[in-house]
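Undergrad: One structure, pasted below without further comment.
The values are calculated or read from the model by the stated rules, or taken from the named source; none is laboratory data. None of these values were measured; they are calculated from a predicted model. So basically every Cβ, Gly included, is an ideal-geometry build from the backbone, and we count neighbours across all protein chains shown.
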Amino acid sequence: MTAQTSFSFPTSIECGSGLIQTIGKPLQALGIDRPLVVCDRFLPETEAFEKVRGALQQAGLVEDMTLFHEVHPNPVEADVCGAAEAFRRGTCNGIIGLGGGSALDVAKVCRLLIEDPGFALKDSKKLYEKAWNGLPPFVAIPTTAGTGSEVGRSSVITLESTGAKAVIFHPKLLADHVILDASLTVSLPAHLTAATGVDALTHCIESFTSPVLHPLCDGIALEGIGMVAQHCLNAVQEPDNLESRQGMLLAAMMGGIAFQKDLGSTHSMAHPLSNLCHLHHGLANALCLSAVMRWNASKKPGLYARVAVAAGQSFGDPAQGDQAAIQWVEGLIEACGIATGLAHHGVDEEQLEALADLAIQDPCHQTNPISMTRDDFLTLYRQCL
């Protein structure tokens with residue numbers, strides 16, 4: 001698992017502990033010698049950042065590096081504009097996205113404003129009117145194993161005009177190169193390792209059970225579930241376990257690939273919890289996942305049987321597979337130390353109506369295996385409270 005390897009799907013991906021030390025090679029291949037590094041405000045204080053900075057110094061690129069570290073945990077439009085402006089001020093010729101999904105999302109989408117400073121993120125129609133052939137090259141380096149944003153072709157950004165999260169999607173947003181290096185994740189605290197791990201699991205489960213036809217993504221999602229079952233708890237409990245850290249980076253990457261097929265109602269519940277209640281996205285998924293699974297399984301028995309198989313669970317008939325999968329998910333969340341119940345994380349009864357209003361407006365539930373109403377979401381939020 002810790003052996004170094006390379007593959008393309010279609011993004012060029014390098015995978016292996018310690019690979020960050022060779023970052024100069026892909027940067028040179030992409031013609032990047034004045035990189036903009038995009039991260040959040042806390043990452044420069046971490047061991048992961050020092051490793052990347054040391055690798056850039058070894059490649060002779062530190063003096064020509066520009067740093068933008070103002071990305072919010074739930075990125076906003078101003079973050080994207082700020083990154084694009086930093087790129088112009090630094091006369092940069094490429095971008096390194098470093099961190100979790102928020103930093104990678106901003107690094108990915110700010111390239112649109114670099115190519116076209118007049119482009120408005122809210123203008124989804126104009127997004128598809130352009131070829132976007134002049135985007136600066138982009139290298140994605142995740143320091144968490146959760147979102148899979150490094151292999152995604154979309155970014156989730158809160159728009160200034162509406163205050164709502166928008167999904168900015170275009171195939172040209174794919175990274176040119178990805179580095180999955182477990183050594184950059186070992187200093188991640190246990191609670192974030194757990195939350196991001198369940199985020200990766202949620203992507204795999206929801207993409208697999210989405211009714212959209214995409215058998216390639218289905219296979220990837222099932223393998224991702226198996227890797228979470230094998231590695232997630234070890235990564236939480238043994239932070240220096242490079243094999244499990246690397247396994248979770250791969251699981252997150254597979255979840256990111258699989259959910260191009262689309263997601264489901266867990267994400268429609270999680271997005272408002274992040275936006276309105278400021279919960280970490282992975283934590284919000286963890287607090288809602290099993291409730292949505294139970295609701296879906298009650299309407300479509302056997303839906304999660306193959307999820308249970310992928311997680312190594314034994315059962316009899318397919319309906320028992322649903323229960324096996326749900327119990328495994330709940331057990332993993334508990335073992336990872338995540339306190340369940342929205343109330344434990346500051347959400348109260350008075351917020352549930354507003355959360356349900358936002359959840360029904362979120363597009364992810366449109367590919368849930370069972371259709372949802374606003375009252376269904378309100379019921380599920382109450383069950384999760």
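Undergrad: Give the number of residues within the stretch 353-385 that are assigned to a loop (DSSP other than H, G, I, E, B), under 20 Å from K165 (Cα atoms) and in contact with a Gly (Cβ under 8 Å, 6 or more places away or on another chain).
TA: Residues that pass the stated criteria total 1.
Undergrad: Right, next: State yes or no: is L279 in contact (Cβ under 8 Å) with a residue 60 or more places away in the chain, under 28 Å from A354 (Cα atoms) and either assigned by TED's automatic domain parsing to the domain that holds G16 or among the hydrophobic types (A, V, I, L, M, F, W, C) (or both)? Break it down stepwise before answering.
TA: Values: in contact (Cβ under 8 Å) with a residue 60 or more places away in the chain: yes; under 28 Å from A354 (Cα atoms): yes; either assigned by TED's automatic domain parsing to the domain that holds G16 or among the hydrophobic types (A, V, I, L, M, F, W, C) (or both): yes.
Yes.
Undergrad: List the strands (runs of 3 or more DSSP E) that sit entirely inside the stretch 103-170 and contain at least 2 residues that are at pLDDT 90 or above, more than 26 Å from L276 (Cβ to Cβ) and not assigned by TED's automatic domain parsing to the domain that holds C217. I'd like the intermediate steps shown before the answer.
TA: Working: elements: 138-142, 154-158, 165-169.
By residue number, 138-142.
Undergrad: Moving on to the next point. Has the stretch 49-66 got any residue that is assigned by TED's automatic domain parsing to the domain that holds E115, touching a strand residue (DSSP E or B) at 6+ places or on another chain (Cβ under 9 Å), farther than 23 Å from S183 by Cβ and surrounded by fewer than 16 Cβ atoms within 10 Å (Cβ to Cβ)? Outline the logic, then answer.
TA: Step one: of the stretch 49-66, the residues assigned by TED's automatic domain parsing to the domain that holds E115 are 49-66.
Narrowing further to those that are touching a strand residue (DSSP E or B) at 6+ places or on another chain (Cβ under 9 Å): 49, 52-53, 56, 61, 64-66.
If we keep only those that are farther than 23 Å from S183 by Cβ too, we end up with 64, 66.
Now narrow it down to the ones that are surrounded by fewer than 16 Cβ atoms within 10 Å (Cβ to Cβ): 64.
Yes, the stretch 49-66 contains a residue that is assigned by TED's automatic domain parsing to the domain that holds E115, touching a strand residue (DSSP E or B) at 6+ places or on another chain (Cβ under 9 Å), farther than 23 Å from S183 by Cβ and surrounded by fewer than 16 Cβ atoms within 10 Å (Cβ to Cβ).
Undergrad: From the set of residues in the stretch 48-86 that are among the polar types (S, T, N, Q) and in contact (Cβ under 8 Å) with a residue 24 or more places away in the chain, which is farthest from L98 (Cα to Cα)? Don't jump to the end; show me each part of the working.
TA: Of the stretch 48-86, the ones among the polar types (S, T, N, Q) are 57-58, 66, 74.
Filter once more, keeping what is in contact (Cβ under 8 Å) with a residue 24 or more places away in the chain: 58, 66, 74.
On the way: Q58: 18, T66: 13, N74: 15 Å.
Out of the qualifying residues, it is Q58.
Undergrad: Among the listed residues L201, L233, L213, L242, which satisfies the condition of being closer than 17 Å to L303 by Cβ, of a type in the set (A, V, I, L, M), surrounded by fewer than 24 Cβ atoms within 10 Å (Cβ to Cβ) and outside the structural domain of V156 (by TED's automatic domain parsing)?
TA: Working: L201 fails: surrounded by fewer than 24 Cβ atoms within 10 Å (Cβ to Cβ); L233 fails: closer than 17 Å to L303 by Cβ; L242 fails: closer than 17 Å to L303 by Cβ.
That would be L213, the only listed residue that is closer than 17 Å to L303 by Cβ, of a type in the set (A, V, I, L, M), surrounded by fewer than 24 Cβ atoms within 10 Å (Cβ to Cβ) and outside the structural domain of V156 (by TED's automatic domain parsing).
Undergrad: State which residue is surrounded by the fewest Cβ atoms within 10 Å (Cβ to Cβ) when the search covers only the stretch 6-45 and only residues that are of a type in the set (V, I, T) and part of a helix (DSSP H, G or I).
TA: First, pick out the residues of the stretch 6-45 that are of a type in the set (V, I, T): 11, 13, 20, 22-23, 32, 37-38.
Adding the requirement that they be part of a helix (DSSP H, G or I) leaves 20, 22.
Details: I20: 21, T22: 17.
It comes out as T22.
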